[in-house]
Amino acid sequence: MGDVQLKEIGTLEDVCPYCSALLKKRPQRKAKCRDCGHFILVRTRPADRKRVLVTEHQAEEIEAQWTEIHSVPPCRISWKEGFNEEKQRLTTKFGHEPSDNDVTWSLLNKELLDHSAKQHWGLYRNALFEMGEVLRAESKLVEALSRYLEVCYLDLNGPKNQGPIDESERKLLREMFGEDIRPFKSEDGELYPGMLYYAEYVIRKLGLQSDAVRDRFLSAAATLQKALGLPVSAEAAWTRLKNELFPS
Ligand SMILES: [Zn+2]
């Protein structure tokens, strides 16, 4: 797992994990402490793959760590309208049948352009996430992470699906609703646990530490901010994202 910062649970010493009494002989399996009478368990902890002596509660914590390491987030690529037509088009274009992922990728690229033209930034964000999912399905984890980080950055900017509005419409809407209609509302910006789960999973798989993720995030976010004129700066967004991804 490389640089994953997992808590080191249990003890490497020959002592009781409950009462710290010195043990004459290090148990190889479940054994009762002569001093406190509790059951000492022996487990391999994920943090360093070492065999440690643990309490019953710590054994459950280790179990939970293993479960988390082995759990893979479900793939969230939705079936797309026009899939068969696009497959046919690409087959003709390339002279061979493309993979399903290639077809989905092509459709997602079109979606991005479409949402961008219509200023449907919430939908744009969803398409970006699905691109990350296609990349993850193809084991391109570094690229998948970039997409997930872009999604987090957009989420912090509060993307809206209002569509393009000209000045007179804007004025009218401002009079009707008493507020400005904007493509991004940073006051609605937030990070979603479901999204963070995917980013965390890939970061863990890649064994990346905070600095490496920061560099990746800032470069991806800077490009987006410039292209879309986003209200939240990349640095400010990173501060919030870091608190979630790497809580200290
Ligand atoms: Zn004891």
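The values are calculated or read from the model by the stated rules, or taken from the named source; none is laboratory data. Please read these numbers as outputs of a predicted model, since none were measured by experiment. Positions of Cβ are backbone-derived with ideal geometry, glycine not excepted, and every protein chain shown enters the neighbour counts. Just the protein is used for accessible areas: all its heavy atoms, side chains included, with ligands, DNA and RNA removed. Shrake-Rupley method; radii C 1.70, N 1.55, O 1.52, S 1.80 Å.
Expressed in Å, the radius of gyration and Dmax of the Cα atoms of segment 83-245 are 17.7, 56. Size descriptors for segment 77-174: radius of gyration and Dmax over Cα atoms are 16.2, 53 Å. Expressed as a rounded percentage, what relative contact order does the chain have, with Cα pairs under 8 Å and six or more residues apart? Once normalised by length, the contact order is 15 percent.
The packing ranking of peptides 8-18, 196-206, highest mean first, is 196-206, 8-18, where packing means the average number of other beta carbon atoms within 10 angstrom of each residue. What nm distance separates the two modelled labels at Glu169 and Lys93, each placed 7 Å from Cα along Cα→Cβ? Calculated label separation equals 3.0 nm.
With runs of 4+ DSSP H residues as the only contributors, calculate the mean residue ellipticity of the chain at 222 nm using -39,500 (n - 2.57) per run, divided by the residue total and rounded to the nearest 500. Mind dumping the intermediate values first?
Numbers: 9 runs with 135 residues, N = 248.
After summing the helix terms and dividing by the residues of the chain, the value is -18000 deg cm²/dmol.
Computed with a 1.4 Å probe over protein heavy atoms only, the accessible surface of the chain comes to 58 Å² per residue. For Glu86, neighbours were defined as the other residues whose beta-carbon sits under 9 Å from its Cβ, and their charges (Lys and Arg +1, Asp and Glu -1) total +3.
To one decimal place, what Kirkwood hydrodynamic radius in Å is obtained for segment 1-71 from all pairs of distinct Cα atoms?
Working: mean 1/r = 0.0801 Å⁻¹.
Kirkwood radius, segment 1-71: 12.5 Å.
Within the accessible surface of the chain, defined with a 1.4 Å probe on protein heavy atoms only, the carbon and sulfur portion equals 49 percent. Legend: residue pairs Lys30/Lys140; Lys110/Lys185; Lys87/Lys185; Lys118/Lys171; Lys171/Lys242, Cα-Cα distance threshold 31 Å; pairs beyond threshold, Lys30/Lys140; Lys87/Lys185; Lys171/Lys242.
With the highest mean first, a sort of the peptides 129-140, 75-86 on other beta-carbon atoms found within 10 angstrom per residue produces 129-140, 75-86.
Rounded to whole numbers, the Karplus 3J(HN,Hα) couplings from phi for segment 12-23 are 8, 6, 8, 10, 5, x, 8, 10, 6, 5, 5, 9 Hz, using 6.51 cos²θ - 1.76 cosθ + 1.60 with θ = phi - 60°, and x at Gly and Pro. Based on alpha-carbon centroids, what's the gap between segment 181-248 and segment 92-148 in Å, whole number please? So the two Cα centres are separated by 19 Å. Arg174 sits among other residues whose Cβ lies under 12 Å from its own Cβ, and their net charge, with Lys and Arg +1 and Asp and Glu -1, is -2. Among the cysteines of the chain, those with no neighbouring cysteine Cβ under 4.7 Å are Cys75, Cys152. To the nearest ten degrees, helix 100-118 and the longest principal axis of the Cα atoms of the chain are 50 degrees apart.
Given contacts defined as C-alpha pairs under 8 Å and at least six residues apart, what's the relative contact order of segment 1-131, whole-number percent? Display every interim value, and only then the final one.
Values: 139 pairs, mean separation 20.9, N = 131.
Averaging sequence separation for qualifying contacts and normalising by length gives 16 percent for segment 1-131.
Near Thr104, once Lys and Arg are set to +1 and Asp and Glu to -1 for all other residues with Cβ below 12 Å from its Cβ, the sum equals -4.
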